[in-house]
Amino acid sequence: MGDTKHSKVLIIGSGPAGYTAAVYASRAMLEPVLVQGIQPGGQLTITTEVENWPGDTEVQGPELMVRMEEHARAVGTEIISDHIQSLDLSHRPFTAKGDSGTTYTADAVILATGAQAKWLGLPSEEKFKGFGVSACATCDGFFYRGQEVVVIGGGNTAVEEALFLTNFASKVTLIHRRDSLRAEKILQHRLFKNPKVELLWDHTVEEVIGGENPLGVEGVRARHVETGAITEVPCKGFFVAIGHAPANELVKDRLELHNGGYVVTKPDSTATSIPGVFAAGDLTDHIYRQAVTSAGMGCMGALEAEKFLAEQVEGEDVSAPLGYGAEVAGAAE
C-alpha cells in the first residue's frame, strides 16, 4: 500500500491557475499540496513566445512556468510529481489517488487540470500519431527541417503553430474550414506576410496519407466544404491545432458541466456544485482561455477555499477571506 498524505488544500494541476492558487493558499498559511499531473506547467510548456503576459514584453512559455513553479515552492507549497487517477468527492475529507500509489486527502480541493488538445478523430490520424501526426509544433517541429508540413485550424493556436513551423519547414500549408481565421489580427498579419505560408480555405481534412514501411506521413487529403472537390497536399508532418477540450475526466460524473464539458461554477466565483471543491482555469473557462485569466481564477480559488475552511471553524469571523483586506490595503498605499 502507498502512503496517505493529508492537507488542508489539495491543488490538482500545475498551469497558471494551479500555481497561482498555490501561491495564495501558501500565503494564507494553508500549507497546500499541489500535484502536478502528467504535463507539469500545462499548455504553456508547449508554447513558444508569450507576448500578452503582463510585465513581460515577451517570455517563453516554459520559462514562465518554471518561474511560477519556483514562486509556489518559495512561499511554501509542497509540489509533488504525480498524476491523480481518481477523485472521491462524496464526503469530506475528499480523497484522491495518484499513479504513485499515494492517497491524498484534503479538506478542500482546487481543480486546475486545464485542457487537452482536440483531435479530428480520423482512423488515419490515429494510425500516424507519433509518425508524422502531432498536436505540438514546438515539440516536433525540429524534425521537419527543410520539409513541407500542414497545419489544420483557424484560431490563435493554429496560426502560432504555423508561424513557428516556418523556422524549420520549407513550406507550411494552413488548412481551415472557413474563409477567414479566428486568430488575433496581429497573428494573422504575421501569417499572411510570411512567404513560406500557403492557405487552403474552405477545406477539411478527411484522411492522412502515408507509407507503411517505414510508417510515416506523406500527405493529407482535403475536401472542399461546398463543392466536395478533393485536394491532396503533400507533407511529411501534419499538425492538428483545432483547439482544446477541458480535462474533466476526474469529475465529469461528479460535478455539473456545460458547454461541452467545462465545469460549472457559481457566478463571479470558482465554487462548483460541491461545497469545498473549486475549479479554476481552462477546466471551467470556455470563453477567455488565457493564461492571465487562469491565474486570476487561481487566486479566486485559493481565497474562496480559505474562506470555506474558515467557515468550518465555529465562531470564526468569515465575512471576508482571511488576509484579503490586508492585501488590498497594502496595494492601495
Answer yes if at least one residue in the range 235-253 is farther than 30 Å from Arg289 by Cα and not acidic (Asp, Glu), and no otherwise.
-> yes
Lone unmet requirement of (1) over 30 Å from Ile287 (Cα atoms); (2) charged (D, E, K, R); (3) not in a strand (DSSP E or B) for Glu160 = (1)
Would you call Glu226 part of a loop (DSSP other than H, G, I, E, B) and surrounded by fewer than 19 Cβ atoms within 10 Å (Cβ to Cβ)?
-> yes
Do you know which of the residues in the range 29-38 that are surrounded by fewer than 20 Cβ atoms within 10 Å (Cβ to Cβ) and in contact (Cβ under 8 Å) with a residue 40 or more places away in the chain is nearest to the chain's Cα centre (by Cα)?
-> Ile38
Count, please, the residues in the range 1-28 that happen to be among the basic types (Lys, Arg) and either free of Cβ contacts under 8 Å to residues at least 40 places away in the same chain or under 20 Å from Tyr104 (Cα atoms) (or both).
-> 2
Exception for Phe142 within (1) surrounded by 15 or more Cβ atoms within 10 Å (Cβ to Cβ); (2) touching a Phe, Trp or Tyr at 6+ places or on another chain (Cβ under 8 Å); (3) among the hydrophobic types (A, V, I, L, M, F, W, C) falls at (1)
Cβ pairs under 9 Å, 6+ apart, first in the range 109-135 and under 30 Å from Val33 (Cα atoms), second surrounded by fewer than 16 Cβ atoms within 10 Å (Cβ to Cβ) and of a type in the set (A, V, I, L, M) = Ala115/Ala245; Gln116/Ala245; Ala117/Ala245; Lys118/Ala245
Are any residues in the range 98-124 charged (D, E, K, R) and either more than 23 Å from Leu309 (Cβ to Cβ) or surrounded by fewer than 18 Cβ atoms within 10 Å (Cβ to Cβ) (or both), and if so, which ones?
-> Asp99, Lys118
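Here, each number is a calculation from the coordinates, and none is a lab measurement. The model shown is predicted, which means the values in this text are computed figures rather than measured ones. Virtual Cβ from ideal backbone geometry, glycine too; neighbours counted across all protein chains shown.
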